[in-house]
1. Provide a single number: the residues in the range 407-431 that are touching a residue at least 12 places away in the same chain (Cβ under 8 Å), in a loop (DSSP other than H, G, I, E, B) and within 22 Å of V383 (Cα to Cα).
2. Which one of these is within 21 Å of the chain's Cα centre (by Cα) and not assigned by TED's automatic domain parsing to the domain that holds A64: Q282, Q242?
3. Of the conditions (1) over 30 Å from F413 (Cβ atoms); (2) in contact with a Pro (Cβ under 6 Å, 6 or more places away or on another chain); (3) small (G, A, S), G47 fails just one. Which one is it?
4. Any chance the range 229-242 includes a residue that's outside any loop (DSSP other than H, G, I, E, B), among the polar types (S, T, N, Q) and over 30 Å from P366 (Cβ atoms)?
5. So P168 fits all but one of (1) in contact with a helix residue (DSSP H, G or I) (Cβ under 7 Å, 6 or more places away or on another chain); (2) modelled with pLDDT under 95; what number is the exception?
6. Sort through A182, A204, A193, A245 and tell me the only one that's touching a Gly at 6+ places or on another chain (Cβ under 8 Å) and more than 30 Å from A141 (Cα to Cα).
7. Can you give me the number of residues within the range 205-214 that are surrounded by 17 or more Cβ atoms within 10 Å (Cβ to Cβ), over 18 Å from R241 (Cα atoms) and free of Cβ contacts under 8 Å to residues at least 40 places away in the same chain?
8. Quick check on A128: is it modelled with pLDDT of 95 or more, over 28 Å from V399 (Cα atoms) and in contact with a strand residue (DSSP E or B) (Cβ under 8 Å, 6 or more places away or on another chain)?
Amino acid sequence: MRFLLYLLVFLLLPASGSAQLTGRRAASRSLDEMIRWNPVFSEGQTGFSLCDLNTGNQVYGYNAERYFVPASNVKLLTFYVAQHLLGDSGPALFYRTSGNTTTVWGTGYPLLLHPAFYGFDDLAPWLATRAGALVYEAPAAQAPPRYGAGWSWDDYNYGYVYERSSLPVYGNRLYLDVLEDAGLFGSPPGVTADLIQDVSQERAINRTEGSNQFTIGRNFYYPGNFPLQRPLSVSPDLAGRQLAAAFPNLSVSVGTAAAPARGTLDEVRASLPDTLYRKLLQDSDNYLAEQLLIMAASDRYGWPDEETFFDYAVDTLFRELQLGDLRYADGSGLSRYNLVKPRQLTQLLMSLDREVGRDRLITLLPAGGESGTLKRRFGNRPVTYVWAKTGTLSGVTCVSGIVRCRSGRWLSFSFLHNNVIGRTADYYREMERVLGWVYDTL
C-alpha cells in the first residue's frame with residue numbers, strides 16, 4: 001500500500017511541475033502581447049520587471065536589464081537612503097554655545113517654519129527658547145549647490161523646483177493662500193508684503209530669475225490658483241533675515257566659518273514623521289527629497305558633502321542590496337543623469353518591503369484610485385490593488401511599486417518608459433490594462 005502511495009506521488013510531481021511551467025509560459029505570452037507588442041509602447045523605449053515579493057523570483061521581464069531615466073522613481077532610492085540612515089529622526093542643527101552666543105551650522109533640515117508642517121517642526125520651538133546672539137555660519141565651500149546636477153535652470157519660476165540649502169526656512173518658498181475673512185496671507189512675511197501688481201501680465205505670478213521680487217497678473221486671484229507656492233532665490237543672508245524676523249528674541253548674524261569636527265558640536269535632534277515621508281512619496285515632493293539627502297550627508301559627515309555621499313550610496317548602500325551599477329545623481333529625479341534598470345527598482349522595492357514593512361509601506365506610497373499622484377490612476381478594479389511611485393519628465397513616464405493580486409499574491413513591478421512623445425494618458429491606460437490583468441490572473 002505504501003509503495004502504491006509513493007508511486008502515485010512520483011507520478012503526480014512531474015504533472016504538477018509541467019502544469020506550473022505551462023502556466024508560466026501562458027502568462028509570459030499574455031504579458032508579451034500586452035507589453036512587447038503594444039503599439040503604444042512601441043513608439044518609445046519601454047522596460048518592465050515583475051517580481052514575487054515573497055520569493056524574490058522574477059515573474060516576467062522585458063528590457064528589465066536596460067537603463068532608463070527614471071524621473072521621480074528615484075525618490076524610492078532616496079526614501080530607502082533616508083529610512084536606512086535617518087529613520088524617524090535626524091540632526092536639525094549643529095551648534096555650540098559660548099556665553100550669550102549660540103553659533104549654528106545647518107544640516108539641511110527641511111521643516112523649519114515650513115507652511116505644510118506646522119506642528120511637526122522641532123527646530124522652531126528650540127530656537128524660540130534661545131536668547132541673545134545667534135551666529136549662522138554658512139561657509140560657501142560647504143554649501144550644497146542650489147540646483148542638483150543636470151537640473152534645468154529655466155524651471156526656476158515653477159512650483160516644483162526649489163533651491164537647496166543647508167538651512168532652509170519656510171521651505172525655501174513663497175507660500176500664498178486666500179482666506180475668506182482675512183484675505184491674502186502667506187510666508188515669508190517680508191516677501192509676501194512686497195508683491196507687485198501688473199495688470200498686463202498674463203501669468204498669475206512671475207519672478208525674475210535670481211531675485212525674490214514677484215509680480216502678480218490680472219488672473220492672480222482666481223480661486224483655483226490657491227494655495228500657491230513658488231521657489232525663492234535663497235542665500236545665507238536671506239535665511240538670516242528670516243530667522244531674525246521669526247525669532248525676535250535672537251540677534252542674528254551670518255558668518256562663513258567652516259563646520260568643526262562633528263564630535264565637538266552639540267546637535268538639535270528632530271523627528272522625521274511619516275507625514276513627511278508620505279508627502280515625499282504621495283505628492284512627489286522634490287524639495288523634501290533633496291533636503292533629506294543633504295540631511296543624511298550632514299548626519300554622516302558633519303556637513304552636506306553630497307558628492308561623497310552619492311558615491312557612498314551607490315558603492316556601499318546599494319551594493320549591499322546587490323542592485324549592481326546604477327547612476328544616482330540627485331534625490332528627486334529632476335536630473336536626467338539618473339539611470340536605473342527596471343529590475344533594480346523591483347529589487348529595491350523588495351528591500352523596502354522587508355525593512356519598512358508592507359503595512360506601513362502601502363500607507364506611504366500613492367494608492368491607485370485613492371491618493372497622491374495615483375488618485376486618478378489604477379482605480380479600474382473594485383479594490384485597491386496598486387501602490388506605487390510615479391515619475392514624469394518631458395518624454396519620461398514611469399511607475400514602480402507593488403501590486404496585490406486577487407489570489408492574495410504580492411508582486412513588485414517597475415514600468416519605465418523613455419522617449420515618450422505620445423499622450424501620457426495613453427501610456428497609463430495601457431499600464432492599467434497590464435496591471436489589471438496581473439491582478440486578475442497571477
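The values are calculated or read from the model by the stated rules, or taken from the named source; none is laboratory data. Fair warning: this is a prediction, and the values are worked out from it, not measured in the lab. When we count neighbours, we look across all protein chains shown, and the Cβ atoms used for this are built from the backbone with ideal geometry, even at glycine.
1. 2
2. It is Q282.
3. If we test G47 against (1) over 30 Å from F413 (Cβ atoms); (2) in contact with a Pro (Cβ under 6 Å, 6 or more places away or on another chain); (3) small (G, A, S), just (1) comes out false.
4. yes
5. (2)
6. Sole residue among the options that is touching a Gly at 6+ places or on another chain (Cβ under 8 Å) and more than 30 Å from A141 (Cα to Cα): A204.
7. The number of residues fulfilling the criteria is 1.
8. no
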